[in-house]
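What follows is a single structure, written as structure tokens, with notes after it.
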Amino acid sequence: MSYLLDTDICSHHLKRDYALAHRFNQSGGRLYLSTVSLAELHVWGYRRNSAKHRILIAELVGSLHVLAFDEACAEMFGRIKGSLSRRGIVIPPVDLMIAATARVHGLTLVTHNTADFARVPELEVEDWLAP
């Protein structure tokens, strides 16, 4: 199985969560990151104005496959958001962009934010931080 990592999982990993590092090692070569999450990680690094944080992000990105939010992802985003909107369900757009990327590429999304992502139809979700 291959995995798309949500921003919160990457943030925990960058803070040196060693239990999470074990999961990363077990799944090596099958881990993906959306450019949407990458953008959020860059905000984290630049908000701290820390070269150390930017180096950590670069090291993480070097160990993952990065997937662009492309036209297929944009179409999937529209499909998911339209369906959820008809049912009155609101999920932050950034989360929907990440979910759309996972759906397009057939990846299981790894996140600690299972409440929002569990409401996205046909999205496989795992929480690697759950006890």
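None of the figures in this text is laboratory data; all of them are computed from the coordinates on show. Bear in mind that the values here come from a model prediction, so they are computed numbers and not experimental data. Here Cβ is always computed from backbone atoms with ideal geometry, including for glycine, and neighbour counts include all displayed protein chains.
Relative protection proxy for 57-63, 104-110, 33-39, from highest mean packing down: 33-39, 104-110, 57-63 (other beta-carbon atoms within 10 angstrom). 3J(HN,Hα) along region 102-114, derived from phi through the Karplus expression 6.51 cos²θ - 1.76 cosθ + 1.60 where θ = phi - 60°, amounts to 4, 5, 4, 9, x, 9, 7, 7, 9, 8, 9, 8, 6 Hz, with x in place of Gly and Pro. Treating the Cα atoms of region 22-78 as identical point scatterers in vacuum, please give the log10 of the normalised Debye intensity I(q)/I(0) at q = 0.12, 0.14, 0.17, 0.30 Å⁻¹, two decimals. With one equal scatterer per Cα and no solvent, log10 I(q)/I(0) is -0.36, -0.47, -0.66, -1.13. Multiplying the residue separation of ALA118 and VAL66 by 0.36 nm and removing their Cα-Cα distance gives an extension gain of 16.4 nm. Residues VAL90, VAL125 in ascending order of nearby Cβ atoms (within 10 Å, fewest first): VAL90, VAL125.
Would you work out the charge dipole size for the chain about its Cα centre, treating the Cβ of every Lys and Arg as +1 and the Cβ of every Asp and Glu as -1, and quote it to the nearest 20 debye? Intermediate results must be reported in sequence, preceding the final value.
Values: 14 positive and 14 negative charges, 62 e Å.
About 300 debye.
Peptides 43-52, 64-73 ranked from most to least packed give 64-73, 43-52, packing being the mean of other C-beta atoms within 10 angstrom over each peptide's residues. Considering only ALA102, PHE24, LEU38, and ranking their Cα positions along the charge dipole of the chain that arises from unit charges at the beta-carbon of Lys, Arg, Asp and Glu, the one farthest toward the positive end is LEU38.
Helix-only arithmetic for the chain: the sum of -39500 (n - 2.57) across DSSP H runs with n ≥ 4, divided by the residue total, places the mean residue ellipticity at 222 nm at -17000 deg cm²/dmol.
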